[in-house]
Amino acid sequence: MNKHIVRRKSIGMKIGNIMIGGGAPVTVQSMTTTDTKDIEVTVRQIIDLKDAGCDIVRVAVPDEDSADAISILKQHSMIPIVADIHFDYRLAIRAIRRGADGIRINPGNIGAEWKIREIISCADEMGIPIRIGVNAGSLERQIIKRYGRADAKAMVECALKYIDLFEKLNFTKIKVSLKSASLMDTIEANRMIANIIPYPIHLGLTEAGSILSGTVKSVLAIGTLLMEGIGDTIRVSLTCDPVQEVRVARSLLQTLGLKSGIEIVSCPTCARMEIPVEEIVEEVEKRVGGIDRTLKVAVMGCAVNGPGEARAADIGVFGGKESGVLFVKGKPAGKINKPDIVEVILREIKNFKSERD
Ligand code: SF4
């Protein structure tokens with residue numbers, strides 16, 4: 001774990017078998033993009049997300065059939081499932097009764113207070129946490145009026161109002177998220193709330209955008225907060241296959257030393273390249289996403305910087321004229337047929353793991 005980031009202390013709670021807050025490692029969340037009631041494709045996507053290293057998955061629950069699907073999805077999912085509810089409190093209750101490990105609501109669009117009370121009472125009975133998800137795009141009108149726009153202060157006021165209601169009902173299994181499409185508002189709002197409440201904070205941006213712009217924005221917003229010790233669980237929202245969200249999130253956490261995983265060092269390639277570095281890195285990265293082990297793998301195009309980087313890594317490969325050259329623990333470990341490089345790296349990762357075990 002990173003020695004330089006001092007993490008904010010928060011109350012710990014469990015979602016399914018995963019601990020959030022209370023000093024637990026920062027977890028990665030994502031959300032399925034499939035029709036939740038299409039069991040086969042949704043299970044497939046949940047498995048893909050889990051294999052990529054997702055810790056908790058959220059599914060949209062826009063109707064009763066989707067709420068009912070949760071009980072079947074749960075039978076097939078190795079990771080906790082959170083139901084994402086908007087507008088209809090009855091769907092929240094239905095999803096909880098069908099076994100959701102947690103729910104996410106924006107109390108602002110649920111309506112009358114008694115409906116929120118009903119949800120809280122059901123979650124309490126089933127012992128599951130609720131995420132209070134405040135989005136700048138759907139704040140109460142009076143609050144926006146007071147601040148002139150849905151800025152950080154408006155988001156915090158809104159969140160505190162909901163938290164107050166939950167606390168009055170003695171329900172404290174809450175996580176809180178304050179999200180905006182604005183980078184600065186998201187950072188400011190989370191900084192503010194982190195100093196006021198003891199609950200775990202879920203970090204993310206709403207409508208973050210394409211894989212390129214969304215990654216840049218999310219890494220800046222989430223990364224800034226994580227470096228300040230704020231954040232117990234994260235979701236990088238991107239308009240693409242959610243597996244990419246998980247890969248970006250994990251990479252961000254690994255870079256900050258907040259999560260173990262396979263770190264891949266590779267050269268940018270040039271005309272001297274003797275092996276297809278980009279393809280190798282892409283394939284290895286895809287296949288090691290869910291491994292929670294700290295290991296450095298170098299993939300270098302040629303003998304210019306290859307031997308140095310390969311030697312410095314736990315496992316290193318660089319391109320020679322006729323073959324790839326393998327280094328393990330800083331020592332030469334033989335030649336590799338170029339088409340076998342990916343499989344050899346994966347084999348060495350596996351062996352390296354078992355040696356350390
Ligand atoms: Fe080019 Fe070789 Fe450097 Fe890669 S390691 S960028 S192929 S010189």
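Structure summary
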| read-out | value |
| --- | --- |
| Members of segment 313-328 that are away from the ligand (no atom under 13 Å from the Cβ) and surrounded by fewer than 16 Cβ atoms within 10 Å (Cβ to Cβ) | E322 |
| Among the candidates I144, I193, I197, residue that is among the aliphatic types (A, V, I, L, M), surrounded by fewer than 22 Cβ atoms within 10 Å (Cβ to Cβ) and not in a loop (DSSP other than H, G, I, E, B) | I144 |
| Tabulated pairs, segment 235-246, first among the hydroxyl-bearing types (S, T, Y), second open to solvent by 40 Å² or more (accessible area, probe 1.4 Å), C-beta under 9 angstrom, 6+ apart or interchain | S237/E207; T239/E207; T239/S210; T239/I211 |
| Test: A303 is farther than 20 Å from I20 by Cα, among the aliphatic types (A, V, I, L, M), surrounded by 15 or more Cβ atoms within 10 Å (Cβ to Cβ) and near the ligand (Cβ under 9 Å from one of its atoms) | yes |
| Subset of segment 248-281 (residues that are away from the ligand (no atom under 16 Å from the Cβ) and either open to solvent by 20 Å² or more (accessible area, probe 1.4 Å) or in contact with a helix residue (DSSP H, G or I) (Cβ under 6 Å, 6 or more places away or on another chain) (or both)) | V248, S251, L252, Q254, T255, L256, G257, K259, S260, G261, I262, E263 |
| Some residue of segment 285-300 being touching a Ser or Thr at 6+ places or on another chain (Cβ under 6 Å), open to solvent by less than 30 Å² (accessible area, probe 1.4 Å) and within 16 Å of the ligand (Cβ to nearest atom) | yes |
| The one condition in (1) in a loop (DSSP other than H, G, I, E, B); (2) under 24 Å from L226 (Cβ atoms) that I275 fails to fulfil | (2) |
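The values are calculated or read from the model by the stated rules, or taken from the named source; none is laboratory data. Predicted, not measured: the structure shown is a model, and the values here were computed from it. Glycine also receives a Cβ, built like all others from the backbone with ideal geometry; neighbour counts cover every protein chain displayed. All accessible areas refer to the heavy atoms of the entire protein, side chains included, with ligands and DNA or RNA removed. Shrake-Rupley method; radii C 1.70, N 1.55, O 1.52, S 1.80 Å.
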